[in-house]
Amino acid sequence: MTFHRCNCHYIPPHVLGNMAKKGEPAVRQAARSSAQHAKFSRGRRSERAVKISEVLSGFVAGATAPAPGTGAREVYDCEHEWRLRVRLARGEGDSETGDTDVDTVYGFAETVRGYFAELGRNSIDDAGMNIVLNVHVGVNYMNAFWDGDEMAFGDGDGQIFTSFAQSLDVTAHELAHGVTQFTANLDYYSQSGALNEHFSDVFGTAITQKELNQTVDEADWLIGNEIMGPTLYGEALRSMKAPGTAYDNPLLGKDPQPAHMKDYYNGPNDNRGVHINSGIMNRAFYLAATDQIGTQDAAKIWYHALQNLWPTADFNDAVEIIVESARTLVGDGVVPEGTTQTVRLAFKDVGLPT
Ligand SMILES: [Zn+2]
């Protein structure tokens, strides 16, 4: 089986694009270089391979490189270079380094790995792949991404965005792109791409709520609020509860997410709206979770469905498979009676299926 590699960035292109036009000179510069290097970092694999061989040969001193395929964490400090795996800072079982970004993502990766283990999954690929996390990537880099086999975090510029490594939601969202890659492998384009984004928001939120021990009423249902710096403190990138209301300011522009199929975005931007139309599915998940069943049971249904979807699945396919998963899990006694109807009603409220 071959897997498409998604190069999935946390900050959508329309947000960085607006900042590159409307920001102060320093912000424009940081937004432009973040957008450029987002593309650039894909092409550095040969150089990275050299670094891996250095690590494997013991050339890099310090942390111990864990054995591959053991589900182990490997946190690399990229020392503000625009490359990945520059220096292994902390491997599985190594003691704290004193670098808060290294140590924080090391902890977050355990939280995410543990969450999926409870669902019966062995690491990201269900075959024990090591979880590779790169921190301090680039200079004032305003993004985080999953590139097909590892994660990268920028430090942000400290004003608009703080360090991406300090957000559990960012880590969980991006690692969930990896889980999607090794399950439904949804094409990162149009509706299948919006589903890909949606599943990452679902697991990002479910993992964060679980870690904070929040009820559906206590949760803020916001995505990206944890990385907003002093300039935009209080804003967020997306709202699962009320898509389209997460931000509205000159620097970022206005949140373009629809909450219902009647407002579906049909334009060419953002890979035909992968971070935009995901709002419709996100709202349905929110409605299902808040209508009796709770976030954790809803996420179990969505996880079950993710394993039965396929790369070109669209919203209608997803509705069918998710409802089918609800029915299966009701039958298995995993979720309560009535859940199937709750899920179906949630989709109906956002205009699905069409
Ligand atoms: Zn994403």
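Miscellaneous remarks
- Choice from 81, 150, 226 with maximal GNM fluctuation in the chain (Cα, 10 Å cutoff): 81
- Placing +1 on the Cβ of every Lys and Arg and -1 on the Cβ of every Asp and Glu, with no other charges, gives region 8-181 a dipole of roughly 820 debye about its Cα centre.
- 9 Å beta-carbon shell around residue 137, net charge (K/R +1, D/E -1): -1
- Remark on residue 228: its backbone amide H falls under 5 Å from those of 162, a criterion applied only to residues 5 or more positions apart or on other chains, H modelled at 1.01 Å from N.
- Sum of side-chain charges, residue 292 neighbourhood, beta-carbon under 15 Å (Lys, Arg +1; Asp, Glu -1): -3
- 10 Å Cβ shell holding at most 10 others, DSSP loop, chymotrypsin sites (Phe, Trp or Tyr not before Pro): longest site-free stretch of the chain: 60-232
- With Cα atoms defining each centre, region 249-307 and region 136-176 are spaced 21 Å apart in the structure.
- A viscosity of 1.567 mPa s and a temperature of 4 °C, combined with the Kirkwood radius over C-alpha pairs in the Stokes-Einstein formula, give region 263-354 a diffusion coefficient of 96 µm²/s.
- Each Lys and Arg adds +1 at its Cβ and each Asp and Glu adds -1 at its Cβ; summed about the Cα centre, region 190-349 shows a dipole of about 240 debye.
- Oblate is the label for region 190-349, because the ratio a/c of its alpha-carbon gyration tensor axes (a ≥ b ≥ c) is 1.5 or higher and a/b is not greater than b/c.
- Taking the fewest neighbouring Cβ atoms within 10 Å as the starting point, the ordered list for 306, 212, 222 is 212, 222, 306.
- Taking a Cβ cut-off of under 15 Å around residue 322, the surrounding Lys, Arg, Asp and Glu residues balance to a net charge of -3, with basic ones at +1 and acidic ones at -1.
- Expressed in Å, the radius of gyration and Dmax of the Cα atoms of the chain are 19.5, 58.
- Likely footprinting exposure, 261, 129, 19, fewest C-beta neighbours within 10 Å first: 261, 129, 19
- Relative contact order, percent, the chain [alpha-carbon distance under 8 Å, six or more residues apart]: 15
- Taking a straight line from the alpha carbon of residue 241, these aspartates and glutamates sit under 17 Å away, with near neighbours fewer than eight places off in the same chain left out: 169, 197, 201, 217, 218, 220, 226, 255, 263, 291, 349.
Quick note: the coordinates plus some simple rules give every number you see, no bench work behind them. Just so it is clear, the model here is predicted, and its values are computed rather than measured. Because the Cβ atoms are built from the backbone with ideal geometry, glycine has one as well, and the counts that use them run over all protein chains shown.
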